[in-house]
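The values are calculated or read from the model by the stated rules, or taken from the named source; none is laboratory data. If you're wondering where the values come from, they're calculated on a predicted model, not measured in any experiment. For neighbour counting, all protein chains shown are included, and Cβ atoms are generated from backbone atoms with ideal geometry for every residue, glycine included.
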Amino acid sequence: MLAVRYYGPRDIRTEKIEKPSCGPDQVLVRVAYAGICGSDMHNYRKGMFMTYAPETMGHEFSGVVCEVGRNIKGWKEGMHVIGDPRVYCGQCTWCAQGLTNLCPDLGFIGEVSPGSFASYIIMDPNKLLPISRHVPLEEAALAEPLAVAIHIARLGQFQQLYPKEDIVGIIGAGPIGLLTLMLAREIYKIKTQIFDISSERLKLAKEIGAECCLQEITSANENKVSLSVEAVGKGITLEKAMLWVKPRGKLVMAGLYEDECILDPNPIVTKEIKLIGINSYEKIDLYEAIDYLEKSLINVRPLITAIISASQAAEAFTMLDSDLKKAGKLLLKFDAE
């Protein structure tokens, strides 16, 4: 089968490997589409989370069940599915409470085990979620990043904001930022502003419904938003987020930091900003993401700006590595073998 594999920083190869065999307690899924995530880019540039090399990358995917182990009940061939790609210990205090995203040993498929950038993937049935066949598989592939945005909205308590008074400011018009924008507008009816250095991504944000798109945040924008979502993961953008948010506002940190940053924390103190960290999502967020897609409450189609054959994965990573990247969500397509 075809697989996109990590060999080292900036060394991504699409190659033929052996198709996995389905064990009695497993489910074999034919991958239809797999999304390239921001964490995949961290791995591409620095191998931040990779445990092995070579390793099949990827954790965002949609697919079709093609084989069910003899001990498995409730799953049938032909079912459309997405995956919960998180790998956790299942024994710590946090796992016992169902807060598996806080597990100290948390990892993801594609980093600690073979991932979804392949024609087929073996999954534990407890890590699969069914999704209606009326949801196109390319849109279903965005359920996992949508779950991240849902977790942002839930922990950021978007439901407590006032539609006529409050503004959600989003830093980063990548997929997570844009999905958060969609939730703020479509589900919570909150006004939004968004910042990015890419004019192409801001154009997409405007089409989706952002009331205000900024390529720069200066003192003129100080104290303008009630809640700021930092979805980039750079020291400079975190500084912008602190400048942007009002006194006693909330700052939701949703980006992963590839490099160390030196930060002046005084604005957090002087403005009494409430900091909220976001680490992936909980299972409930995945189910809510599926519900939004099945009920057409969130239209993720505009975010899919490119679908590229898995054979061209290296070119896709190069495209996303540009400082002025234009793509929204880029999907790798795996054809049935």
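In the condition set (1) under 18 Å from Gly35 (Cβ atoms); (2) crowded, with 24+ Cβ neighbours inside 10 Å; (3) touching a helix residue (DSSP H, G or I) at 6+ places or on another chain (Cβ under 9 Å), Ala141 is compliant with all but (3). Here is a check on your reading of the model: is Ile131 in contact with a Ser or Thr (Cβ under 8 Å, 6 or more places away or on another chain), farther than 21 Å from Ala313 by Cβ and touching a residue at least 24 places away in the same chain (Cβ under 8 Å)? Considered against the rule, which asks whether it is in contact with a Ser or Thr (Cβ under 8 Å, 6 or more places away or on another chain), farther than 21 Å from Ala313 by Cβ and touching a residue at least 24 places away in the same chain (Cβ under 8 Å), Ile131 comes out as yes.
In region 85-112, what residues are out of contact with any Asp or Glu (no Cβ under 8 Å at 6 or more places or on another chain), in a loop (DSSP other than H, G, I, E, B) and either among the acidic types (Asp, Glu) or more than 15 Å from Gly58 (Cβ to Cβ) (or both)? Within region 85-112, Gly90, Gln91, Gln97, Cys103, Pro104, Asp105, Leu106 qualify. Taking region 228-337 as the region of interest, the helices (runs of 4 or more DSSP H) fully inside it that hold 2 or more residues being closer than 25 Å to Val65 by Cβ and modelled with pLDDT of 95 or more are 283-294. Checked against (1) over 22 Å from the mean Cα position of the chain (by Cα); (2) under 24 Å from Ile284 (Cβ atoms); (3) without any contact (Cβ under 8 Å) to a residue 60 or more places away in the chain, Gly69 passes all but a single condition, namely (2). Residues that are part of a loop (DSSP other than H, G, I, E, B) and of a type in the set (S, T, N, Q) within region 1-37 comprise Ser21, Gln26, listed in sequence order.
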